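The block underneath contains the structure these notes are about, expressed in structure tokens.
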């Protein structure tokens, strides 16, 4: 098969992830993804691997992914990668703008987004941990993308309904900014309204076993992330 095919399972989905974050800000700054079983050489009967890295700081963003994202059919829908067990209601909300593909391994799915094989990775469950996302998060940030909390997107509708006394199913948008304040405007559907996932060694994080509580939405391009957010909020 094509070496750039998205694999659903198997050794191709194995990744070794290394990440470092700023202890003061909680933001990822260095990331490495090693894919040890990238392709199999049938003549030598050996696997060949590859690795990618990225650095994202307040004054520098550099990455080894210089020839990516890969070119895809411009007429095709954008692609969301997720787990086979993901909530089917997400697909229903986004099916007009996105196609879906399933795969194993959080690190591998994040790599697919970084490479441009997929545009968005959505996980609605709290089943990833800091060690799964910190490294890939730094790489995505170095490329202009990032990872936000999935539950924070859904909370926009919940908070607005509570504020306006709306019934379930009546949707409003509001902007969730870094101070926790809210206001109704068009920016509510933009990725810039959401804080990036952050990392910590605090006791509260230890209590949750360093899980990314609330799930995640990972992206490489802001415009595509905005489309996904708008779809999730309708």
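Do you know which residues across the range 12-30 are in a loop (DSSP other than H, G, I, E, B), surrounded by fewer than 20 Cβ atoms within 10 Å (Cβ to Cβ) and touching a helix residue (DSSP H, G or I) at 6+ places or on another chain (Cβ under 9 Å)? 14 - this is the single residue of the range 12-30 that is in a loop (DSSP other than H, G, I, E, B), surrounded by fewer than 20 Cβ atoms within 10 Å (Cβ to Cβ) and touching a helix residue (DSSP H, G or I) at 6+ places or on another chain (Cβ under 9 Å). Being modelled with pLDDT of 95 or more and either over 20 Å from residue 81 (Cβ atoms) or part of a helix (DSSP H, G or I) (or both) is the requirement here; does residue 200 meet it? In short, yes. If I go through the range 122-135 residue by residue, how many of them are under 13 Å from the mean Cα position of the chain (by Cα) and within 18 Å of residue 52 (Cα to Cα)? Residues flagged as under 13 Å from the mean Cα position of the chain (by Cα) and within 18 Å of residue 52 (Cα to Cα) within the range 122-135 amount to 4. Consider residue 141 carefully, then state whether it is touching a residue at least 60 places away in the same chain (Cβ under 8 Å) and more than 12 Å from the chain's Cα centre (by Cα). Taking the combined requirement at face value, the residue does not satisfy it. Quick check, is residue 36 touching a helix residue (DSSP H, G or I) at 6+ places or on another chain (Cβ under 9 Å), surrounded by 13 or more Cβ atoms within 10 Å (Cβ to Cβ) and either modelled with pLDDT of 95 or more or part of a strand (DSSP E or B) (or both)? Yes: the conditions hold for residue 36. Output the qualifying pairs, or none if there are none: Cβ atoms under 7 angstrom, residues six or more apart or on different chains, first residue in the range 37-63 and more than 21 Å from residue 8 (Cα to Cα), second residue at pLDDT 95 or above and surrounded by fewer than 14 Cβ atoms within 10 Å (Cβ to Cβ). Correct list of pairs: 55/62.
When the range 80-101 is limited to residues that are in contact with a helix residue (DSSP H, G or I) (Cβ under 9 Å, 6 or more places away or on another chain) and closer than 17 Å to residue 117 by Cβ, the one that is surrounded by the most Cβ atoms within 10 Å (Cβ to Cβ) turns out to be 80. Within the range 203-231, the set of residues being part of a loop (DSSP other than H, G, I, E, B) and more than 25 Å from residue 58 (Cβ to Cβ) comprises 208, 209, 213, 214, 215. One residue stands out in the range 178-197 among those that are in a helix (DSSP H, G or I) and touching a helix residue (DSSP H, G or I) at 6+ places or on another chain (Cβ under 6 Å): the one that is modelled with the highest pLDDT, namely 191.
When residue 156 is tested against (1) surrounded by 15 or more Cβ atoms within 10 Å (Cβ to Cβ); (2) modelled with pLDDT of 65 or more; (3) under 27 Å from residue 31 (Cβ atoms), only condition (3) is not met. Looking at the range 67-79 only, could you name the residues that are within 20 Å of the chain's Cα centre (by Cα) and either surrounded by 10 or more Cβ atoms within 10 Å (Cβ to Cβ) or modelled with pLDDT of 75 or more (or both)? 68, 69, 72, 77, 78, 79, listed by residue number.
The values are calculated or read from the model by the stated rules, or taken from the named source; none is laboratory data. Source: prediction; values computed, not measured. When we count neighbours, we look across all protein chains shown, and the Cβ atoms used for this are built from the backbone with ideal geometry, even at glycine.
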